[in-house]
1. Along the range 19-36, what does the Karplus equation 6.51 cos²θ - 1.76 cosθ + 1.60 (θ = phi - 60°) give for ³J(HN,Hα), rounded to whole Hz, x for Gly and Pro?
2. Taking the Cα centre of the chain as origin, work out the dipole magnitude from +1 charges on Lys and Arg Cβ and -1 charges on Asp and Glu Cβ, in debye rounded to 20.
3. Amide H of residue 54: which non-local residues (sequence gap of 5 or more, or other chain) have their own amide H closer than 5 Å, using H built in the peptide plane?
4. Stick to Cα atoms and the Kirkwood definition of Rh, then tell me Rg/Rh for the range 21-103.
5. Considering only DSSP beta bridges with both partners in the range 31-169, what is the antiparallel share in %, to the nearest 5?
6. Counting only the heavy atoms of the protein chains, how much of residue 145 is accessible to a 1.4 Å probe, in Å² to the nearest 10?
7. Could you tell me the calculated FRET efficiency between residue 88 and residue 136, based on Cβ-Cβ distance and R0 = 25 angstrom, to the nearest 0.05?
8. Can you send over the carbon and sulfur percentage of the accessible area for the chain, probe radius 1.4 Å, protein chains only?
Amino acid sequence: MRVLIIEDDRKISSFIADGLKQAGFAADRAFDGESGLAAALAAPYSAVVLDLMLPRLDGFAVVERLRAAGAATPVIMLSARNSVDDRVRGLRSGGDDYLTKPFSFSELLARVEALIRRSSRQTENASLECGSVRMDLLTREVRREGRKLDLQPKEFSLLEYLLRNSGRPVSKTMILENIWGYDFDPQTNVVDVLVCRLRDKLDKPFKDGLLQTIRGVGYVLKKP
């Protein structure tokens with residue numbers, strides 16, 4: 001799952017992005033309202049974390065234009081101002097939640113996850129499947145042949161991405177962009193390491209292998 005952070009304070013933006021990545025999300029960043037709006041409209045995001053006081057276009061205008069364009073991406077708004085009027089205006093302009101600065105990352109993460117769960121119930125099936133593998137997107141539980149798999153956040157994110165592209169090959173670059181973000185070093189071997197870890201849990205204890213390597217292309221998840 002990918003989250004867009006629109007925040008002009010680079011220290012706060014980096015703090016949020018690092019925390020989301022550790023929790024298994026991919027995170028992109030924009031530092032002003034105009035570029036943030038363009039990014040939110042150009043790619044599908046699971047959620048947007050939006051600061052209200054932005055250069056070039058404030059957060060209220062960003063979410064209003066996002067909704068006017070028909071985008072239903074969940075948006076949590078951040079502000080140093082705690083007035084009721086600001087919260088009401090933010091929610092009425094199209095925001096889904098509002099968090100006052102300073103905030104704890106654990107609370108922000110919980111709110112982002114709640115927004116994504118709520119959105120998932122409304123827009124898609126609550127589970128993903130391929131063969132004997134079933135992923136519950138609401139409880140984040142994964143089972144194969146009825147046996148629960150204990151996956152780390154990045155392993156869960158990789159399997160989710162593969163399940164969403166079941167039967168279609170995905171390259172290492174595609175995995176890097178969707179699991180770690182666009183600014184990650186393409187020469188790193190983290191994809192190979194993560195695939196190996198996931199395969200040990202997903203395939204090794206079972207008779208058939210679902211996660212297959214396509215030499216020179218990447219990886220594909222498909223029924224045996």
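1. x, 5, 5, 5, 8, x, 8, 8, 9, 10, 10, 9, 10, 8, x, 5, 5, x
2. Approximately 840 debye in magnitude.
3. Sorted by chain and number, the residues that satisfy this are 59.
4. On the way: Rg = 12.2 Å, Rh = 12.9 Å.
Computed over Cα atoms, the ratio is 0.94.
5. Numbers: 11 of 19 bridges.
Taking every DSSP beta bridge within the range 31-169, about 60 percent pair in antiparallel fashion.
6. Using a 1.4 Å probe on the heavy atoms, I get roughly 120 Å².
7. On the way: r = 35 Å, r/R0 = 1.40.
The calculated FRET efficiency here is 0.10.
8. Values: 5430 of 11260 Å².
For the chain, the apolar C and S fraction of the accessible surface comes to 48 percent.
The values are calculated or read from the model by the stated rules, or taken from the named source; none is laboratory data. Being a predicted model, the structure only gives us computed values, none of them experimental. For neighbour counting, all protein chains shown are included, and Cβ atoms are generated from backbone atoms with ideal geometry for every residue, glycine included. Quick note on the areas: whole protein, heavy atoms, side chains included, nothing else; ligands and nucleic acids left out. Shrake-Rupley method; radii C 1.70, N 1.55, O 1.52, S 1.80 Å.
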